[in-house]
Each structure stands twice: as C-alpha cells, then as structure tokens.
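Working notes for the structure below.
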Amino acid sequence: MRVMWCDHPVTTITRIVLATTDTTIGTNSAFMMSKYSYLEESYIDTEYGVTGLVKELRQAYEGRYNLSMTIGVMLCVLSAVPIFACVLVREDPVLASVGVSAALVMIAVGVWQIVKVSVVWGGFQKLLEEGDYSRGSKRVRKGLVSGIYWAVVVALYLGYSFVTFRWDRSWIIWPIAAVLYAVVIKIEEAVYNGKNNK
C-alpha cells in the first residue's frame with residue numbers, strides 16, 4: 001500500500017500556510033513579550049492586596065484553563081484519525097492529502113487552545129512566583145548549571161555524530177537530555193533550597 005503524502009499541491013500549500021502563520025505569530029509574540037522578560041528573572045514584591053487579587057483571578061480562570069487544556073490535548077491526540085480514516089476508505093493521494101490537511105488543522109486548533117490558556121496561567125505563576133517562576137527557580141536559572149549542561153550535551157551530540165557518522169540515530173540524545181535536564185534543575189533547586197533553609 002503506497003500513499004503519497006506530499007504529491008498533492010493542497011497538502012503542500014496547507015503546510016506552508018500553517019508554518020508561515022506559526023512563525024509569524026511566534027516571532028511577533030516574542031517581540032511583544034520581551035519587555036516583560038524581567039518577570040522571569042527578577043524577584044517580585046507586590047503591593048498590599050495584589051497577591052490576593054491575582055490568586056482570586058487564577059481561581060476564577062482555573063475552570064477555563066482545565067477545559068481548554070483538555071480540548072487541546074484531545075484534538076492533538078485525535079489528529080491521527082483523519083489520516084487513517086482517509087487511507088482506510090480508499091487508497092487515493094487526494095483523499096490522503098485531505099486527511100493530512102484535516103490532521104494539521106486539528107493540531108493547530110489543539111495547540112492554539114493549549115497555548116492560549118498556558119500564557120495566561122503562566123502570567124499568574126509569574127506574578128505569584130510559583131512553579132517554574134519561584135524564587136528558587138529564578139536563582140537556579142541565573143546559575144551556571146544550565147549553560148554548562150547544554151554545552152556538554154551539544155559537545156556529546158556533535159562528538160558522537162561526527163565520530164560514528166550515525167546522524168540518523170544521534171538525535172535521540174536531545175529528548176534524553178531534555179528529560180535529564182529537568183532532573184538536574186530539580187537537584188540544583190533542592191541543593192539551593194537546602195542551603196537557604198540552614
């Protein structure tokens with residue numbers, strides 16, 4: 001069974017439009033948000049009553065956050081269904097292109113749902129200095145561990161790839177490094193918090 005995923009112009013055009021839209025939105029958002037980057041790095045001392053107000057707003061937003069996250073994840077997981085459905089109905093490149101296009105639209109809407117509420121939720125976390133934006137995490141982000149860790153990972157990746165010429169397999173270093181990075185940061189936070197509690 002041979003299905004041509006990229007031979008139809010509709011699929012190619014859809015992919016290009018979605019990629020361009022994503023890049024444009026991402027770049028524009030990065031420029032607009034750069035003036036607030038200090039919230040991720042500096043300690044925040046709010047005025048009287050602000051913390052309570054932000055907690056109330058977060059509590060009121062929690063239902064919407066949970067619903068949008070659920071819908072977004074569900075759409076991303078179900079995005080494979082149109083592809084398989086179109087292939088099972090008939091082995092036709094045009095129909096397969098329709099399935100891929102439908103899958104990409106589902107992914108786009110799902111990711112939009114997730115990002116839309118995650119930005120607001122992240123704002124609450126930044127203002128309340130919770131989660132990734134706690135004072136301990138901010139101190140850790142300023143540390144040398146992150147820079148050293150990723151420099152070592154890049155060196156290992158390039159060293160392994162150039163020596164073995166197995167670029168097709170060396171990519172596995174990146175997801176492993178990302179998972180291990182979370183562990184390294186948690187260890188560094190624990191060490192930092194342990195020193196401050198003494």
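With respect to Ser68, is the statement that it is over 18 Å from the mean Cα position of the chain (by Cα) and closer than 30 Å to Ile44 by Cα true? Considered against the rule, which asks whether it is over 18 Å from the mean Cα position of the chain (by Cα) and closer than 30 Å to Ile44 by Cα, Ser68 comes out as no.
Among the residues of segment 85-94, none qualifies, meaning not one is more than 26 Å from Val17 (Cβ to Cβ) and modelled with pLDDT of 90 or more.
Residues checked against (1) modelled with pLDDT of 90 or more; (2) outside the structural domain of Ser34 (by TED's automatic domain parsing):
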{"residue": "Ala102", "(1), (2)": "yes, no"}
{"residue": "Trp167", "(1), (2)": "no, yes"}
{"residue": "Ile176", "(1), (2)": "yes, yes"}
{"residue": "Ile187", "(1), (2)": "no, yes"}
{"residue": "Ala190", "(1), (2)": "no, yes"}
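Flag set for Gln59, criterion: without any contact (Cβ under 8 Å) to a residue 24 or more places away in the chain and under 28 Å from Ser134 (Cα atoms).
The values are calculated or read from the model by the stated rules, or taken from the named source; none is laboratory data. Since the model is a prediction, treat every value here as computed from it, not as a measurement. Because the Cβ atoms are built from the backbone with ideal geometry, glycine has one as well, and the counts that use them run over all protein chains shown.
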